[in-house]
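First up is the structure itself, then whatever we jot down about it.
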Amino acid sequence: MSCISGKSEINGFNTKLLHGRTSSGYGQREILPPVSQVSAFQYESMEELEKVFEHKSMGYAYTRIGNPTISALEQKINELEGGSQAVCTSSGMAAISATLLAVCGAGDEIIAGTGLYGGTIDLLHDLEKLGIHTVYAPNLTADGIRPLINDRTRVIFGEVISNPSLAVLDIEEVSGVAHEAGIPLIVDATSATPYIVRPLSLGADIVIHSTSKYINGGGNSIGGIIIDGGKFGWDFDKFTALAEFKKYGRMAFSIRLRTDLWEDFGGCMSPMNAYLTYIGADTLGLRMERICENADVLARALAELPGISVNYLTLPNHPYHRYVSSQLNGYGGGILTFGTGSRERAFQVINSLKYAMIASNIGDMRTLVIHPASTLYIRSTAEEREAAGVYDDTIRVSVGIENKEDLIADFLSAISE
Ligand SMILES: *Cc1c(COP(=O)(O)O)cnc(C)c1O
């Protein structure tokens, strides 16, 4: 029987996705959370609604603040990540901005890796105007960040697997150094997904995803999620942005986020997008297994070709290869890049592909390709491109779930043209 409340911890990823704690309890015994596509919720009496506003009784009032379809998605991903609280947002960028603004105020500093997602670099730039300064660590490693930590540092921020450079963050090592200094490690795990790594279990304090990518998987809605591990011990003299929430202790970040920052900035997810993301997430495990297998065989096939240089984590010569077994559950993820020799050649190869769609996205179950230098990095400096592993001849592939024989044949034929 499915959906027993209080059942013991489920270990299997796919089983947990389909039969986890949150897979039941909907009003009319629906097998999925119904789409509560409403702005507001009605009450029998004013007293009842007052209790909801006073947080004295559970209930929804207004969708920007809470909605059952969105809650179902929050709980599902929270359970996968092993978090204590999760909040869905209108986009991945809304998740990153709300998180950083909930922890940092004017005069505070963030230490971030280079080679971050372009939108995140732009955001960090915007935050400078609010007095929040970012110091970049070319290597987000213990030795790379130690000399950068000072009294103003409030956050270490990095991507678990950077896109498209494919640098892997050593979560255990970096969180260790962060915690020694009393600072949380906040990670963007979008390209890794909870199927490949559960950052909270390795020491990260807050995990962020753009659900627009692998969690949704169907490329049908923009969204984000913030998962708080609830274990970080905030020093409220230092984290003044959270001082007002001191009485909540280790939950101060989540409570500030929900009742203050995220609620007031207004970046909620729409119920319909929560529903689409929820049903997409049901197949996250199956898709990732297939995507990672396809990416691995495609990378190996491309690496055999003369004049083609391939960047993929499972290739034995990759600088971060060791993390595949130590941190990434044996997988290399769904993104690979390869160099073709020139920009013209890259365009020609991309244009000759039959199945891979030319699109500015990752994490779709369809294979997507792009020439990053002329699109995603068109406004970046040469140093930023280099840090991101983006060269004039680089093609990025977000590998999908197509039959691997077809994918390989498509790429080999496009390259041989
Ligand atoms: C896409 C992406 C984001 C931003 O997410 P949106 O949903 O597009 O706002 C952030 N980080 C990474 C790693 C991404 O790939």
Ellipsoid semi-axes in whole angstrom, largest first, where each is sqrt(5λ) of the Cα gyration tensor of the chain | 36, 27, 19
Work out the charge dipole of the chain with +1 on the Cβ of Lys and Arg and -1 on the Cβ of Asp and Glu about the Cα centre, then indicate which of Ser191, Gly330, Val207 is farthest towards its positive end.
-> Gly330
Calculate the tail of P(r) for region 127-217: the fraction of all Cα-Cα distances greater than 20 Å, expressed in %.
-> 36 percent
Extending each Cα 7 Å along its Cβ direction at Thr15 and Asp235, get the distance between those two points in nm, one decimal.
-> 4.4 nm
Once you have the Cα-Cα distance between Gln348 and Val135, take 0.36 nm times their residue separation minus that, and quote the gain in nm to one decimal.
-> 72.8 nm
Mind listing the phi-derived Karplus ³J(HN,Hα) values for region 244-253, rounded to whole Hz, using 6.51, -1.76 and 1.60 with θ = phi - 60°, and x for any glycine or proline?
-> 4, 10, 3, 5, 8, x, 5, 8, 4, 5
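Sort 193-199, 57-63, 230-236 by the packing proxy (mean of other Cβ within 10 Å over each peptide's residues), most packed first.
Put in order of decreasing packing, that is 193-199, 230-236, 57-63.
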Enter the angle in degrees (range 0 to 90, nearest 10) between the Cα long axis of helix 171-180 and the first principal axis of the Cα atoms of the chain, meaning the one along which they spread out most.
-> 50 degrees
If each Cα of region 75-167 is one equal point scatterer, what is log10 of I(q)/I(0) from the Debye formula at q = 0.17, 0.26 Å⁻¹?
-> -0.82, -1.36
Pairwise centroid distance, computed over Cα atoms, of region 70-86 with region 108-146, Å = 27 Å
Expressed as a whole-number percentage, the relative contact order of the chain with C-alpha contacts under 8 angstrom and at least six residues apart is 16 percent
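With all protein chains present and a 1.4 Å probe, how do Lys129, Lys238 order by accessible area, largest first? Walk me through the numbers on the way to the answer.
Values: Lys129 155, Lys238 45 Å².
Most to least solvent-accessible, the answer reads Lys129, Lys238.
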Distant alpha-carbon pairs in region 284-416 (separation over 17 angstrom), percent | 57 percent
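Between Glu180 and Val297, 0.36 nm times their residue separation minus their Cα-Cα distance comes to what?
This chain segment gains 38.0 nm when fully extended.
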Treat every Asp and Glu Cβ in region 284-416 as -1 and every Lys and Arg Cβ as +1, leave all other atoms uncharged, and give the resulting dipole magnitude about the Cα centre to the nearest 20 debye.
-> 120 debye
For region 305-320, in residue order, the Karplus 3J(HN,Hα) values (coefficients 6.51, -1.76, 1.60; θ = phi - 60°; whole Hz; Gly and Pro = x) are 7, x, x, 10, 10, 10, 10, 8, 4, 7, 5, x, 8, 6, x, 10
Inter-part gap, Cα centre of region 191-249 to Cα centre of region 373-417, in whole angstrom, is 29 Å
Among trypsin sites (Lys or Arg not before Pro) in region 1-104, those in a DSSP loop whose Cβ has at most 10 other Cβ atoms within 10 Å are Arg29, Lys56
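Could you work out the relative contact order of region 21-66? I mean the mean sequence separation of Cα pairs under 8 Å and 6+ apart, divided by the number of residues, in percent. Working shown, then result.
Working: 29 pairs, mean separation 13.4, N = 46.
The value is 29 percent.
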Comparing Ala252, Ala167, Ala274 in a Gaussian network model of the chain (Cα, 10 Å), the one with the largest mean-square fluctuation is Ala252
Find, among the trypsin sites (Lys or Arg not before Pro) in region 323-371, those assigned to loop by DSSP (not H, G, I, E, B) with at most 13 other beta-carbon atoms within 10 angstrom.
-> Lys354
Once you treat every alpha carbon in region 101-257 as an equal point and sum by Debye, what is log10 I(q)/I(0) at q = 0.11, 0.21 Å⁻¹?
-> -0.40, -1.54
Expressed in Å to one decimal, the Kirkwood Rh of region 24-84 from all distinct alpha-carbon pairs is 13.0 Å
Filtering GluC sites (Glu not before Pro) in region 13-84 by DSSP loop and by at most 15 other Cβ atoms within 10 Å leaves Glu30, Glu44, Glu54
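The values are calculated or read from the model by the stated rules, or taken from the named source; none is laboratory data. Everything numeric here is computed off the predicted structure, so don't read it as measured data. Quick reminder, even Gly has a Cβ in these numbers, built from the backbone with ideal geometry, and neighbours come from all protein chains shown. In case anyone asks, the SASA skips ligands and DNA or RNA and just uses the protein heavy atoms, side chains included. Shrake-Rupley method; radii C 1.70, N 1.55, O 1.52, S 1.80 Å.
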